[in-house]
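Some notes on the structure that comes next.
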Amino acid sequence: MSGTSAALQPPAYAVKPVRHPDAPAPGELLGSHYEQCFGCGGGQAHGLHLAARAGEGVTITAEFTVQPAHQGAPGLAHGGVLTTALDETLGSLNWLLRTIAVTGRLETDFVRPVPVGTVLYLEAEVTAVARRKIYSTATGRIGGPDGPVAVRADALFVEVLVDHFIDNGRPEEIRAAMNDPDQARRARAFEVNP
């Protein structure tokens, strides 16, 4: 990404990311981390319903179809929606590290317009880890996984404790997520929200 700020440059002591041994297998569909998530949840009528798959190493592929509800200019995806798709994809990477993390910084470049009805193909990878900081990058392509780049982003995620969500979230949603009998779904509910 051209012009990436210094805050998104890993420090000299950063290390290469290591996929957690319990991470989903390459090709495995990750599913929604939380039913009410605008990015990936099925409970949001106008959400992105982004579908992410684990890749090799610490990579993710994802896609979503731009719907009429996602417009900014007539017939084109809203830049904030495209940024949300990138953020959701980048946040899903943390499931491969089995780390609870939140978006600390996200810089997006808009390269070309994305028309309504387009499937946006996203790829993301963790590039470095420095203590609690996780550095990652993503691209979104149109016309197929090898199509022209429409959007790209660099991000910094910061590892947090689950207390971050308990202390800052709405109590009724926190209780519902914490009481979910499915342990994996319960853990994923707190994976990528800021």
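Using only alpha carbon pairs under 8 Å that are at least six residues apart, calculate the relative contact order of the stretch 18-94 and give it in whole percent.
On the way: 114 pairs, mean separation 17.8, N = 77.
Reported relative contact order: 23 percent.
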task: Could you work out how far apart the two model spin labels at ALA69 and ALA45 are, taking each label as a point 7 Å from the Cα in the direction of the beta carbon, and quote it in nm?
output: 0.7 nm
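Roughly speaking, to the nearest percent, how much of the stretch 1-142's 1.4 Å accessible area is carbon and sulfur? Please report the intermediate quantities before stating the final value.
Numbers: 3490 of 6620 Å².
Accessible surface attributable to carbon and sulfur in the stretch 1-142 totals 53 percent.
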query: Within the P(r) computed for the stretch 60-171, what percentage of the Cα pairs occupies the region above 20 Å?
result: 43 percent
- request: Quickly work out the SER5-to-LEU29 label distance, labels modelled 7 Å from Cα along the C-beta direction, and quote it in nm with one decimal.
  value: 3.7 nm
- prompt: Under the definition of Cα pairs under 8 Å and six or more residues apart, what whole-number percent is the relative contact order of the stretch 103-154?
  reply: 41 percent
query: With each label point set 7 Å from Cα along the Cα-Cβ vector, what nm distance links ALA128 and VAL158?
result: 1.8 nm
Stretchable slack from HIS78 to HIS20, in nm (0.36 nm times residue separation minus alpha-carbon distance): 17.4 nm
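The values are calculated or read from the model by the stated rules, or taken from the named source; none is laboratory data. Here the structure is a predicted model, which means the values were calculated and not measured. Positions of Cβ are backbone-derived with ideal geometry, glycine not excepted, and every protein chain shown enters the neighbour counts. What goes into the accessible areas is simple: the full protein's heavy atoms, side chains included, and nothing from ligands, DNA or RNA. Shrake-Rupley method; radii C 1.70, N 1.55, O 1.52, S 1.80 Å.
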